[in-house]
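Visitor: Got a structure for you, written out below as structure tokens; questions coming shortly.
The values are calculated or read from the model by the stated rules, or taken from the named source; none is laboratory data. Quick caveat, the model's predicted, so the values are computed rather than measured. Reconstructed Cβ throughout: ideal geometry from the backbone, glycine too, with neighbour counts over all protein chains shown.
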Amino acid sequence: MITVTFEKDGQWVLGVKTERGILDVGAAARSLGSDAVPQSVTELIAQGDQGKASLQQFADSEMAVREEFLYTEDSLKMGPCVTEPQKIICVGLNYKKHAEESNMPLPESPILFSKFNNALAGHQQEVKLPARSLQVDYEVELAIVIGKTASQVSEEDALDHVYGYCTANDLSARDLQFKTGQWLLGKSCDGFCPVGPYLVSAEEVKDPNALSLKTEVNGTVRQNSNTADLVFNCQQIISYVSEHMTLQPGDLILTGTPEGVIMGEPEGERNWLKDGDEITVEVEGLGKLTTVMRK
């Protein structure tokens, strides 16, 4: 199943991607008296397999997919595909070639840092360049969306706790990131965690550790890699994090970025993101996510 969120009446509402367009789940459910169908992405994830099956059955029904409940994607203001994560956990230096271009050794254990909900952004959203930064960078990433409470989970069982996956852009203000030994300041500026446009449920992703990733800036390819280059794969990351904190349904884990970021270029040749730049990041099977930078 592929879902989105979009703005309606000042709120983010749930949509399902169908062959005929995006189904407005809430409008259809209210019209048809289908109160049991999850009507937000938070409810959908929290209800687990039962909620997903209920929503899929509803989206497949002829009554639900009437024209009055369907929209074209380009007519919608898309929101972040997950809107209320309790935690946004990110993994640093988690691609072998990215560590090499950064002149840093491969980590012996996952390097974790966090973003906050203020950083969430949707597809085609304009993101403001921080006033106190001159070195804003892009980072295409595979994001894991947790579907079941996970504590002390083994690597073998880790993927059983995943609801699905999405494309993410770990925008980073490098001068703020390295101002101190803590990376938070440069990672959690407003809008610095675009995710989407789609949330793709786990059964539609054959192997999250074998997906191509790509970044284009103003139409030029800047990153082109595969999650096969991960230092710590998805199972290892989930297991490791769950050993230290309990993961909750809806939590996001950004798994790291491959080589090709601006920071990896030689000093003097780094063209940091500027006003008007359009960044499109893509993970295989999860859709293209576009962000426009503004002063």
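Visitor: Mind checking which pairs have a first residue in segment 83-96 that is on the phi < 0 side of the Ramachandran plot and a second that is assigned to a strand (DSSP E or B) and hydroxyl-bearing (Ser, Thr, Tyr), Cβ under 8 Å, 6 or more apart or different chains?
Guide: Thr83/Thr5; Lys87/Ser114; Ile88/Ser114; Ile89/Ser114; Cys90/Ser114; Tyr95/Ser225
Visitor: I'd like the full set of residues that are in a helix (DSSP H, G or I), in contact with a Phe, Trp or Tyr (Cβ under 8 Å, 6 or more places away or on another chain) and of a type in the set (Ser, Thr, Tyr), limited to segment 1-43.
Guide: Ser31
Visitor: Identify all residues within segment 22-46 that are touching a helix residue (DSSP H, G or I) at 6+ places or on another chain (Cβ under 7 Å) and either polar (S, T, N, Q) or at positive phi (or both); write none if there are none.
Guide: Ser34, Gln39, listed by residue number.
Visitor: Find all pairs meeting these conditions: Cβ atoms under 8 angstrom apart; at least six residues apart or on different chains; first residue within segment 171-182 and of a type in the set (Phe, Trp, Tyr); second residue outside any loop (DSSP other than H, G, I, E, B) and at pLDDT 95 or above.
Guide: Phe178/Gly186
Visitor: Let me ask something else about it. Find the residue count for segment 97-127, including only residues that are more than 14 Å from Leu176 (Cβ to Cβ), of a type outside the set (Ser, Thr, Tyr) and touching a residue at least 60 places away in the same chain (Cβ under 8 Å). Walk me through it before giving the result.
Guide: Restricting attention to segment 97-127, the residues satisfying the condition of being more than 14 Å from Leu176 (Cβ to Cβ) are 97-112, 114, 116-118, 120-127.
Going one step further and asking which of them are of a type outside the set (Ser, Thr, Tyr), we end up with 97-101, 103-108, 110-112, 116-118, 120-127.
Within this subset, residues satisfying the condition of being touching a residue at least 60 places away in the same chain (Cβ under 8 Å) are 97-101, 106-107, 110, 112, 116, 118, 120-127.
Of the residues in that region, 19 qualify.
Visitor: Oh, and also: Are any residues in segment 44-66 outside any loop (DSSP other than H, G, I, E, B), without any contact (Cβ under 8 Å) to a residue 24 or more places away in the chain and either farther than 12 Å from Val16 by Cα or of a type in the set (Ser, Thr, Tyr) (or both), and if so, which ones? Reasoning before the result, please.
Guide: From segment 44-66, those outside any loop (DSSP other than H, G, I, E, B) are 44-46, 48-60; that's our starting set.
Next, only the ones that are without any contact (Cβ under 8 Å) to a residue 24 or more places away in the chain stay: 49-51, 53-54, 57, 60.
Asp49, Gln50, Gly51, Ala53, Ser54, listed by residue number.
Visitor: From the list Cys81, Cys90, which residue is closer than 18 Å to Ala121 by Cβ, part of a loop (DSSP other than H, G, I, E, B) and either assigned by TED's automatic domain parsing to the domain that holds Leu252 or in contact with a helix residue (DSSP H, G or I) (Cβ under 9 Å, 6 or more places away or on another chain) (or both)? Quick ask: steps written out before the conclusion?
Guide: On the way: Cys90 fails: part of a loop (DSSP other than H, G, I, E, B).
Cys81 is the lone residue from the list that is closer than 18 Å to Ala121 by Cβ, part of a loop (DSSP other than H, G, I, E, B) and either assigned by TED's automatic domain parsing to the domain that holds Leu252 or in contact with a helix residue (DSSP H, G or I) (Cβ under 9 Å, 6 or more places away or on another chain) (or both).
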